[in-house]
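Encoded as structure tokens, the structure appears first; notes follow it.
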Amino acid sequence: MAKIVQHAGDTTLWSTGIEKILFGRANTLSVKSGMMGRLSASRMSGVGLGIAAMSYVAIDYMRYLSPAWHSRLMPVLWSVLALAVVTRVPFYKHWSSELRAAIPFLTSIVFLLSALLFEALCVRSVTAVLGLDWHRDTSPLPDTGQWFLLALNESLPKPIVEILRAHIIGLHHFLMLFVMLGFSVVFDSVKAPGLGLGARYIFTMGLGRLLRAITFISTILPSARPWCASARFNNVPSHPHRWAQKYYVPYAKDPAAIHQLLNWDEAYADPGKYIGDYRPDWGSMSFLGEFLRPSYSEGSSWFGLLKKAGGGCNDLLYSGHMLVAVLTAMAWTEAYGGFSSALIWLLVAHSAQREIRERHHYTVDCVVAIYVGILLWKMTGFIWSVKRKTKQTTKLEKIQNRLIHAAKDSDMETVRRLVEEIEVSLGEDKQGKVVSNRTMTVFACATVITTLSIVILALTLTSDG
């Protein structure tokens with residue numbers, strides 16, 4: 001009788017241990033039924049995300065078709081989306097994960113702002129270094145992509161050409177689509193934490209902007225719109241910078257001079273008397289005047305000068321707009337997937353051909369931006385990833401095979417020991433995650449307010465494209 005009771009106790013312990021491991025707090029990924037249940041719930045809750053995204057793009061395009069309906073429907077859409085998020089926030093269960101992702105998120109924002117500042121310096125510098133005369137006199141580069149689109153205009157039916165020309169989507173649309181994706185964590189449509197996804201997106205964008213600035217400042221390319229510099233940077237000096245006067249101008253149009261330069265490997269030509277530039281008094285930042293070349297009328301503040309740089313008037317290899325578009329599409333594809341992801345990639349393609357068609361960029365700028373964006377997103381999976389495993393899951397996967405073999409062999413001692421190991425590890429994780437409810441409430445409110453403020457600022461600052 002005692003043996004039966006002991007065997008029953010061992011069996012109960014074995015059953016309880018297996019249940020705790022397979023169906024308890026660990027949430028192991030190897031349980032197919034649990035996975036399918038969560039996947040079905042995610043898909044059901046995620047249907048609304050795709051509908052909301054496409055509705056946003058369609059309603060915003062109505063500003064061109066029917067401004068009256070656009071002014072009515074857009075506030076309704078924003079109200080519905082905001083109300084849906086606010087009502088779900090109190091029931092969100094992953095604030096501890098969001099708290100751990102807060103520091104990487106804030107660090108990514110600082111990195112992006114630093115990259116944008118460096119990019120603005122480079123944009124102004126490459127525009128000003130050769131002077132306005134060079135921008136007026138230099139012809140655009142031959143672009144086979146532009147030729148191809150012009151040929152399509154002659155071959156395709158007119159309605160299709162009009163669709164290709166339509167301003168269906170812009171920079172702020174792609175930013176807003178990512179914001180929708182990030183906030184969808186409260187509906188369990190996307191893997192938490194949302195701040196982790198945001199940190200990856202922002203860090204990758206900052207890295208892309210930094211590489212972009214290094215790329216376009218390395219070799220100066222003429223704009224596809226020759227009138228741009230005169231219209232937007234009319235205060236830039238007409239003459240080249242003194243470096244360009246010495247190292248570029250004497251050899252720019254003389255093949256014999258270039259040949260001699262190659263033979264001697266030194267600047268041998270006499271540039272004559274240098275034409276000087278205005279020197280602003282910016283205190284410790286006065287050295288920037290050498291690169292920014294401000295005029296007397298615009299030299300009061302170096303930061304104000306950078307704010308006017310915008311997208312520049314050289315060809316900036318590669319396209320910053322396309323980088324944002326590709327990163328949004330990559331984030332959407334990995335985090336959510338589905339039919340709406342394919343539609344977003346179609347919007348990326350439409351945006352690319354418009355960049356080329358309207359001569360904002362050469363074809364090479366868009367092509368490079370696409371594969372750079374894809375590669376950079378693949379490289380930053382260590383910040384956030386759908387496939388990234390939690391510590392609990394990793395521990396369970398290491399122990400799962402041993403547990404199954406022990407259960408098959410009825411080795412109750414091994415099963416008991418493995419169950420105790422998991423209980424200890426889960427207890428340690430639980431103790432490490434203890435945070436007061438008041439702290440979580442304050443953090444949740446601060447997170448929602450801060451992210452909404454960032455969204456408003458981003459959309460406001462990019463409203464001009």
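The values are calculated or read from the model by the stated rules, or taken from the named source; none is laboratory data. Every value quoted in this text rests on a predicted model; they were computed, and no experiment measured them. Cβ atoms come from the backbone with ideal geometry, glycine included; neighbour counts cover every protein chain shown.
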Next item on the list: Give the number of residues within region 182-211 that are more than 20 Å from Met379 (Cβ to Cβ), among the charged types (D, E, K, R) and part of a helix (DSSP H, G or I).
Entry: 0
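For region 260-304, enumerate the residues that are farther than 30 Å from Leu113 by Cα and surrounded by 11 or more Cβ atoms within 10 Å (Cβ to Cβ). Write out each step before concluding.
Taking region 260-304 as the starting set, the residues that turn out to be farther than 30 Å from Leu113 by Cα are 260-276.
Of everything in region 260-304, those that are farther than 30 Å from Leu113 by Cα and surrounded by 11 or more Cβ atoms within 10 Å (Cβ to Cβ) turn out to be Gln260, Leu261, Ala267, Tyr268, Ala269, Pro271, Tyr274, Ile275.
Residue-wise test of (1) exposed (fewer than 12 other Cβ atoms within 10 Å of the Cβ); (2) under 30 Å from Ser295 (Cβ atoms); (3) of a type in the set (A, V, I, L, M, F, W, C).
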site: Arg88; (1), (2), (3): no, no, no
site: Leu99; (1), (2), (3): no, no, yes
site: Ile109; (1), (2), (3): no, no, yes
site: Ala120; (1), (2), (3): no, yes, yes
site: Asp133; (1), (2), (3): no, yes, no
site: Thr138; (1), (2), (3): no, yes, no
site: Lys158; (1), (2), (3): yes, no, no
Notebook entry, point to check: Counting only residues that are assigned to a loop (DSSP other than H, G, I, E, B) and either among the hydrophobic types (A, V, I, L, M, F, W, C) or under 18 Å from the mean Cα position of the chain (by Cα) (or both), how many does region 297-355 have?
Noted result: 9
Margin query: Residue under question is Ala166, and the condition is that it be touching a residue at least 40 places away in the same chain (Cβ under 8 Å) and closer than 29 Å to Arg63 by Cβ; does it hold?
Written below: yes
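Mind counting the residues in region 365-402 that are assigned to a helix (DSSP H, G or I), at pLDDT 85 or above and out of contact with any strand residue (DSSP E or B) (no Cβ under 9 Å at 6 or more places or on another chain)? Give the steps one after another, and end with the answer.
From region 365-402, those assigned to a helix (DSSP H, G or I) are 365-379, 391-402; that's our starting set.
Among the residues that remain, those that are also at pLDDT 85 or above are: 365-379.
Next, from what is left, pick out any that are out of contact with any strand residue (DSSP E or B) (no Cβ under 9 Å at 6 or more places or on another chain): 366-379.
Residues flagged as assigned to a helix (DSSP H, G or I), at pLDDT 85 or above and out of contact with any strand residue (DSSP E or B) (no Cβ under 9 Å at 6 or more places or on another chain) within region 365-402 amount to 14.
Conditions tested, residue by residue: (1) free of Cβ contacts under 8 Å to residues at least 60 places away in the same chain; (2) polar (S, T, N, Q); (3) touching a strand residue (DSSP E or B) at 6+ places or on another chain (Cβ under 6 Å); (4) within 20 Å of Asp315 (Cα to Cα).
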{"site": "Ser223", "(1), (2), (3), (4)": "no, yes, yes, yes"}
{"site": "Ala229", "(1), (2), (3), (4)": "no, no, no, yes"}
{"site": "Asn234", "(1), (2), (3), (4)": "no, yes, no, yes"}
{"site": "Pro237", "(1), (2), (3), (4)": "no, no, no, yes"}
{"site": "Asp254", "(1), (2), (3), (4)": "yes, no, no, no"}
{"site": "Gly272", "(1), (2), (3), (4)": "yes, no, no, no"}
{"site": "Ile275", "(1), (2), (3), (4)": "yes, no, no, no"}
{"site": "Pro280", "(1), (2), (3), (4)": "yes, no, no, no"}
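Residues to consider are Ala84, Ala41, Ala115; find the one that is of a type in the set (Gly, Ala, Ser), on the phi < 0 side of the Ramachandran plot and either at pLDDT 90 or above or in contact with a Ser or Thr (Cβ under 9 Å, 6 or more places away or on another chain) (or both).
Numbers: Ala84 fails: either at pLDDT 90 or above or in contact with a Ser or Thr (Cβ under 9 Å, 6 or more places away or on another chain) (or both); Ala41 fails: either at pLDDT 90 or above or in contact with a Ser or Thr (Cβ under 9 Å, 6 or more places away or on another chain) (or both).
None of the others qualify; the one that does is Ala115.
Name every residue in region 212-228 that is assigned to a helix (DSSP H, G or I), among the hydrophobic types (A, V, I, L, M, F, W, C) and in contact with a Phe, Trp or Tyr (Cβ under 7 Å, 6 or more places away or on another chain), in order of residue number.
Initial filter on region 212-228 (assigned to a helix (DSSP H, G or I)): 212-218, 228.
Subsequent filtering for residues that are among the hydrophobic types (A, V, I, L, M, F, W, C) retains 213-214, 216-217, 228.
Within region 212-228, just Ala213 meets the criteria.
Residue-wise test of (1) farther than 23 Å from Leu346 by Cα; (2) among the charged types (D, E, K, R); (3) surrounded by fewer than 19 Cβ atoms within 10 Å (Cβ to Cβ).
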{"position": "Leu164", "(1), (2), (3)": "no, no, yes"}
{"position": "Ile169", "(1), (2), (3)": "no, no, no"}
{"position": "Leu181", "(1), (2), (3)": "no, no, no"}
{"position": "Ala199", "(1), (2), (3)": "yes, no, no"}
Checklist line | Arg354, sole failed condition from (1) at pLDDT 90 or above; (2) in contact with a helix residue (DSSP H, G or I) (Cβ under 6 Å, 6 or more places away or on another chain); (3) more than 30 Å from Asp188 (Cβ to Cβ) | finding: (2)
Next item on the list: Could you run through region 264-288 and say how many residues are touching a helix residue (DSSP H, G or I) at 6+ places or on another chain (Cβ under 8 Å) and not in a loop (DSSP other than H, G, I, E, B)?
Entry: 2
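Pick from Ala231, Ala257: which is surrounded by 13 or more Cβ atoms within 10 Å (Cβ to Cβ) and either outside any loop (DSSP other than H, G, I, E, B) or outside the structural domain of Leu121 (by TED's automatic domain parsing) (or both)?
Details: Ala231 fails: surrounded by 13 or more Cβ atoms within 10 Å (Cβ to Cβ).
Step by step, each of Ala231, Ala257 is checked, and only Ala257 is surrounded by 13 or more Cβ atoms within 10 Å (Cβ to Cβ) and either outside any loop (DSSP other than H, G, I, E, B) or outside the structural domain of Leu121 (by TED's automatic domain parsing) (or both).
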